[in-house]
Amino acid sequence: MNVKDKVVVVTGGADGIGAALCRRFAREGAKAVIVVDRNGEGAKAVAAGIGGEAVTLDVSDGEAMAAMVADIEARHGGIDLFCSNAGIGDGDPEKDNAASSPDAVWQRAWNVNVMAHVHAARAAIPGMRARGGGYILNTVSAAGLLSQIGGAVYSTTKHAAVGFAESLAITHGDQGIKVSILCPQGVDTAMLRQGDAASQPQNLDGVLTPDEVAESVVQGLAEEKFLILPHPVVLTYMQRKTGDYDRWLGGMRRLRAKMMGG
């Protein structure tokens with residue numbers, strides 16, 4: 001897909017990767033860029049800078065998502081590309097206990113990292129199917145393909161997000177609906193800055209800027225690839241994982257010991 005003259009929606013668009021996507025799509029000549037975020041003022045600031053539209057929305061609210069999509073379709077005639085980009089990350093409160101996060105943290109991550117993608121697809125796909133095609137881009141993480149040391153909640157919900165995107169691609173690929181998942185490692189965003197970057201294994205292969213990730217997205221959309229990997233080495237890690245799971249797990253334990261001190 002070339003986003004020129006397309007109607008594009010980006011959730012989590014107020015900052016980080018989402019804001020970079022909005023700016024890049026505008027430069028690519030998108031017909032309309034709708035910047036969606038729970039942070040309404042941030043969404044308005046990004047939209048104002050690119051001549052886009054801003055929507056204040058909690059992506060975990062399915063009814064609000066459906067209403068937003070219906071409004072955009074009514075005003076623009078349809079959505080060509082829906083980027084379900086919003087996400088949250090929480091580390092394990094006890095580094096030696098993968099089950100230490102409370103239920104509320106698990107539920108919140110499930111609502112944002114998984115169900116937001118479900119709400120977006122449920123709302124957007126019927127119109128795309130009726131018009132003969134469309135594109136869904138879900139921001140996941142390399143953690144959804146590999147794992148996140150010290151982040152069981154994040155890893156688990158991101159794995160689920162990969163599974164849902166696969167289902168979308170399998171079910172709707174022959175209906176003209178393309179699906180991609182964006183799976184970077186370290187990116188210079190607020191999420192990364194929550195902790196000590198030097199102790200986060202996902203940063204070992206370099207920390208990209210959000211603009212660099214947006215460039216990878218434009219290239220991936222043009223090629224209509226399911227996997228968009230701003231850090232290409234992730235593919236090698238995936239191959240090692242599937243080639244010998246037990247050896248990969250052993251390597252991850254050694255990496256954990258090195259990065260977390262035991």
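The values are calculated or read from the model by the stated rules, or taken from the named source; none is laboratory data. A quick note: this is a predicted structure, and the numbers were derived from the prediction, not measured. Cβ sites come from the backbone with ideal geometry, for glycine too, and all protein chains shown count toward neighbours.
Take residue 15 and decide whether it is surrounded by fewer than 21 Cβ atoms within 10 Å (Cβ to Cβ), at pLDDT below 95 and not β-branched (Val, Ile, Thr).
no
List the pairs whose first member sits in the stretch 150-172 and is assigned to a helix (DSSP H, G or I), whose second member is modelled with pLDDT of 95 or more and charged (D, E, K, R), and whose Cβ atoms are under 9 Å apart, counting only residues at least 6 apart or on separate chains?
Partner pairs satisfying both residue conditions: 152/92; 153/92; 153/108; 169/178; 172/129; 172/178.
Name the residues in the stretch 40-86 that are in contact with a Gly (Cβ under 9 Å, 6 or more places away or on another chain) and more than 22 Å from residue 6 (Cβ to Cβ), would you?
Result: 42, 56.
Taking only pairs six or more apart or across chains, which ones have beta-carbon atoms under 8 Å, a first residue in the stretch 204-215 that is touching a residue at least 60 places away in the same chain (Cβ under 8 Å) and closer than 12 Å to residue 19 by Cβ, and a second residue that is of a type outside the set (Asp, Glu) and part of a loop (DSSP other than H, G, I, E, B)?
If the second residue must be of a type outside the set (Asp, Glu) and part of a loop (DSSP other than H, G, I, E, B), the pairs left are 210/189; 213/184; 213/230.
Which numbered condition trips up residue 37, out of (1) among the charged types (D, E, K, R); (2) in contact with a helix residue (DSSP H, G or I) (Cβ under 8 Å, 6 or more places away or on another chain); (3) surrounded by fewer than 23 Cβ atoms within 10 Å (Cβ to Cβ)?
(3)
Counting just the residues of the stretch 217-241 that are touching a Lys or Arg at 6+ places or on another chain (Cβ under 9 Å) and within 11 Å of residue 182 (Cβ to Cβ), which one comes out surrounded by the fewest Cβ atoms within 10 Å (Cβ to Cβ)?
Applying the filter and picking the extreme gives 226.
Are any residues in the stretch 215-261 at positive phi and either assigned to a helix (DSSP H, G or I) or within 18 Å of the chain's Cα centre (by Cα) (or both), and if so, which ones?
Of everything in the stretch 215-261, just one residue is at positive phi and either assigned to a helix (DSSP H, G or I) or within 18 Å of the chain's Cα centre (by Cα) (or both), namely 224.
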